[in-house]
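Worksheet: one structure, shown below.
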Amino acid sequence: MLSNLASSIKTRMAHVKKYRANVKTGNWNEDLRLEEDAIKEYLEKKERGELAAQKVDFLKQNILSPVKLSVTTDGRLHFGDVVMLVNTGGENRECSTVSINADTASLTKIPSPGIQAPCGISAGRDIQPCTRTAFIITSVDGSPEGSNLLFDQSFALKTTSGFARGVYLTSDLQSFQKCAKKSRLQEVNLVDDCSFLSWWKIVHFDPQERLENEGQPVPANVKVLVVHCKTNQALAVLGDHVLWTAYGKEYEVTAHTFLDSHRAEQDNNHWILCTSDPAGVGLVFLNHPVSVTNNKELTQANPE
């Protein structure tokens, strides 16, 4: 009988909790230390501004800061002018501008905050002059600053100094290892050095008028072609290849000449080098829209 009683007591005791709810079990001390270390690391990164959200805010604050574009009084483009490269859009894409596609991985703080090359580009849909969209027309043949840029004359496109670091728009022959990510066409990016790979030229919009305009001053704020000197491929924006960047939905930019059935370049290759409106605030392109039909009129309105 005693054995039965002991067995019954033992069975009941098996279902009774032997410790309180607040008793720590397992590797509680190690878990506590790990949690404390994680909090400490988070606070240290926050103090140094190294959190992902802080990096994104820092990047956008600097790269989206406003930039004053050049004002042309004679209607022409000059060496040293600060311009925007705008594509007016097409059937499957909106108006967009060549933009620095920098992310937090390309940020550097040594010796001063800025982006580091090589850096990608894209066609942003925000048509605002800022550090991200401004380029300087730079001489590569010794032409003095302020002199006219001529059709078929070699030049370079350089970002502004400071946060954008004055890097050059560059392209090279397409290869299996070096090509645009989406389209696999000829890649365009930004690099530190100004070599022959960074040379471009402006070609007249109308194929039938290119010979007679060769060597003439390039008018500002009209449609032209921007052609890479080494590969003879025209700068293009691709509406069917979308990039999701830190700045939203954008389009891929490449160097590739798109021809229609008449052997004329398509609107993917049409660019306007925009300047500020001398008569008011904003861009000449936005305040005085230019259509394809009056490109010739504007060119002839600024004779030598």
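The values are calculated or read from the model by the stated rules, or taken from the named source; none is laboratory data. As the structure is a computational prediction, the values presented were derived from the model and not from experiment. Neighbour counts are summed over all protein chains in view; Cβ atoms, including those assigned to glycine, are modelled from backbone coordinates with ideal geometry. When the accessible area is computed, the model is the full protein with side chains, heavy atoms only, and any ligands, DNA or RNA have been set aside. Shrake-Rupley method; radii C 1.70, N 1.55, O 1.52, S 1.80 Å.
Of note:
- Within region 221-236, residues that are in a loop (DSSP other than H, G, I, E, B) reach partners that are acidic (Asp, Glu) with beta carbons closer than 8 Å, at six or more positions or on different chains, in the pairs Lys230/Asp172; Thr231/Asp172.
- Among the candidates Lys182, Lys178, the residue that is over 19 Å from His270 (Cα atoms), open to solvent by 50 Å² or more (accessible area, probe 1.4 Å) and touching a Leu at 6+ places or on another chain (Cβ under 8 Å) is uniquely Lys182.
Here is a yes/no grid of residues against (1) outside any loop (DSSP other than H, G, I, E, B); (2) under 29 Å from Thr108 (Cα atoms):
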residue: Leu157; (1), (2): yes, yes
residue: Phe163; (1), (2): yes, yes
residue: Phe176; (1), (2): no, no
residue: Cys179; (1), (2): no, yes
residue: Lys182; (1), (2): no, yes
residue: Val188; (1), (2): yes, yes
residue: Asp193; (1), (2): no, yes
residue: Glu212; (1), (2): yes, no
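- Only one of the listed residues (Gln186, Gln174, Gln116, Gln128) is touching a strand residue (DSSP E or B) at 6+ places or on another chain (Cβ under 9 Å) and at pLDDT 95 or above. That residue is Gln186.
- Of the set (1) within 22 Å of Gly162 (Cβ to Cβ); (2) within 20 Å of the chain's Cα centre (by Cα), all apply to Asn87 but (1).
- Considering residues of region 105-145 that are among the charged types (D, E, K, R) and open to solvent by 40 Å² or more (accessible area, probe 1.4 Å) only, the residue nearest to Pro66 (Cα to Cα): Asp126
- Residues that are among the aliphatic types (A, V, I, L, M) and touching a Leu at 6+ places or on another chain (Cβ under 7 Å), drawn from region 33-68: Leu59
- Subset of region 146-158 that is out of contact with any Cys (no Cβ under 9 Å at 6 or more places or on another chain) and of a type in the set (Gly, Ala, Ser) - its residue that is surrounded by the most Cβ atoms within 10 Å (Cβ to Cβ): Ser147
- Qualifying positions in region 190-200 - under 21 Å from the mean Cα position of the chain (by Cα), open to solvent by 20 Å² or more (accessible area, probe 1.4 Å) and closer than 18 Å to Asn232 by Cα: Cys194, Ser195, Leu197, Trp199
- The residues of region 212-249 that are under 25 Å from Phe155 (Cβ atoms) and either small (Gly, Ala, Ser) or under 13 Å from the mean Cα position of the chain (by Cα) (or both), listed by number, are Gly215, Ala220, Ala234, Ala236, Val237.
- Ala102 vs. criteria small (Gly, Ala, Ser), open to solvent by less than 50 Å² (accessible area, probe 1.4 Å), under 26 Å from Gly239 (Cβ atoms) and within 13 Å of the chain's Cα centre (by Cα): yes
- Selection from region 27-69 of residues that are open to solvent by 100 Å² or more (accessible area, probe 1.4 Å) and assigned to a loop (DSSP other than H, G, I, E, B): Asn27, Lys68
- Only a single item in (1) modelled with pLDDT under 80; (2) buried (at least 18 other Cβ atoms within 10 Å of the Cβ); (3) within 30 Å of Leu59 (Cα to Cα) is not met by Val253, and it is number (1).
- Near pairs, Cβ below 7 angstrom, 6+ apart or cross-chain, from region 178-199 (over 19 Å from Phe79 (Cα atoms)) to any residue that is of a type in the set (Val, Ile, Thr) and assigned to a loop (DSSP other than H, G, I, E, B): Gln186/Thr231; Leu190/Val167; Val191/Val167; Asp192/Val167
- Matching residues, region 267-282, being at pLDDT 75 or above and either part of a helix (DSSP H, G or I) or surrounded by fewer than 20 Cβ atoms within 10 Å (Cβ to Cβ) (or both): Asp267, Asn268, Asn269, Asp277, Pro278, Gly282
- Restricting attention to region 34-77, the residues that are polar (S, T, N, Q) and closer than 23 Å to Lys109 by Cα total 4.
- The set of residues from region 70-99 being in a loop (DSSP other than H, G, I, E, B) and open to solvent by less than 10 Å² (accessible area, probe 1.4 Å) comprises Leu77, Phe79.
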